[in-house]
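Since the structure comes first, as structure tokens, the remarks are kept for the end.
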Amino acid sequence: MAAQNTSQALLNDASRADIDRWVAKYPPEQKQSAVMAALRIAQEQNGGHLTRELMDAVAEYLEMAPIAVYEVATFYSMYEHKPVGKHKICVCTNISCLLRGSEEVMDHLEKKLGVKPGEVTADGKFSFKEVECLGACGHAPMMSVGTEYHENLTGEKIDAILDGLE
């Protein structure tokens with residue numbers, strides 16, 4: 001009973017309903033299969049990052065060992081463990097992007113934003129980080145801003161993209 005109370009206190013009604021829709025896609029004995037979606041939902045509810053308490057709430061809600069949730073949350077780069085900016089920028093630095101200029105993209109962002117990868121701008125508007133392949137190798141170098149992909153990047157394109165964000 002205490003576990004359910006903890007997950008109810010940390011996961012709001014909308015989040016639990018959304019998680020339940022994902023759980024319903026799997027056989028009842030396989031509800032843990034919804035862990036990735038549940039972590040994404042919890043992260044969105046919390047303004048873009050997970051806390052240990054939220055990961056524990058997901059574990060309780062899905063009846064999983066907390067360590068199993070931590071393993072998923074720390075393996076995938078889509079999960080954040082500290083606050084991020086309003087606009088989270090992910091720069092692919094895998095081989096195709098690296099060969100086509102991802103280091104220059106990283107340098108340009110660092111200079112333009114005035115923060116290093118993994119940091120948030122003072123106004124809370126932007127954060128950026130290096131990630132592995134985002135699956136747009138034919139249009140490298142590329143970055144995502146939230147869920148939008150931006151490809152064939154140049155310094156000018158990056159400036160236009162960022163200047164167009166509120």
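The values are calculated or read from the model by the stated rules, or taken from the named source; none is laboratory data. The structure displayed is predicted, hence computed values, not measured ones. All Cβ positions, glycine included, derive from the backbone under ideal geometry; neighbour counts span all protein chains shown.
Can you pull out the residues in region 28-86 that are of a type in the set (Ser, Thr, Tyr) and out of contact with any Ser or Thr (no Cβ under 6 Å at 6 or more places or on another chain)?
SER33, THR51, TYR70, THR74, TYR76, SER77, TYR79
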Worksheet item: Is it the case that region 146-160 has a residue that's in a strand (DSSP E or B), at negative phi and in contact with a Lys or Arg (Cβ under 8 Å, 6 or more places away or on another chain)?
Response: yes
Practice prompt. Consider LEU99 carefully, then state whether it is over 14 Å from the mean Cα position of the chain (by Cα), loosely packed, with under 15 Cβ neighbours inside 10 Å and touching a residue at least 12 places away in the same chain (Cβ under 8 Å).
Written response: yes
Item to complete: Return a yes/no flag: does region 153-162 have any residue that is surrounded by 13 or more Cβ atoms within 10 Å (Cβ to Cβ), more than 24 Å from GLY48 (Cα to Cα), modelled with pLDDT of 95 or more and touching a Leu at 6+ places or on another chain (Cβ under 7 Å).
Response: no
Fill in: Criterion violated by SER127 - all others in (1) farther than 15 Å from SER77 by Cβ; (2) among the polar types (S, T, N, Q); (3) at pLDDT 95 or above satisfied
(1)
Item to complete: Name, by its number, the condition in (1) in contact with a Ser or Thr (Cβ under 6 Å, 6 or more places away or on another chain); (2) hydrophobic (A, V, I, L, M, F, W, C); (3) within 30 Å of GLN32 (Cα to Cα) that does not hold for LEU113.
Response: (3)
Worksheet entry | Failed item, numbered, when LEU109 is tested on (1) surrounded by 18 or more Cβ atoms within 10 Å (Cβ to Cβ); (2) farther than 30 Å from ARG52 by Cβ | (2)
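Anything in region 139-156 that is touching a strand residue (DSSP E or B) at 6+ places or on another chain (Cβ under 9 Å) and in contact (Cβ under 8 Å) with a residue 12 or more places away in the chain? List them, or say none.
Once the filter is applied, which keeps residues that are touching a strand residue (DSSP E or B) at 6+ places or on another chain (Cβ under 9 Å) and in contact (Cβ under 8 Å) with a residue 12 or more places away in the chain, region 139-156 yields HIS139, ALA140, PRO141, MET142, MET143, SER144, VAL145, GLY146, TYR149, GLU151, LEU153.
Confirm whether LEU50 is surrounded by 13 or more Cβ atoms within 10 Å (Cβ to Cβ) and not assigned by TED's automatic domain parsing to the domain that holds GLU151.
Answer is yes for this residue.
Out of the residues in region 42-92 that are in a loop (DSSP other than H, G, I, E, B) and in contact with a Cys (Cβ under 9 Å, 6 or more places away or on another chain), which is nearest to PRO28 (Cα to Cα)?
Here is the first cut: in region 42-92, the residues in a loop (DSSP other than H, G, I, E, B) are 46-51, 63-65, 76-86.
Add one more test, that the residue is in contact with a Cys (Cβ under 9 Å, 6 or more places away or on another chain), and what stays is 77-78.
On the way: SER77: 28, MET78: 26 Å.
Checking each candidate, the answer is MET78.
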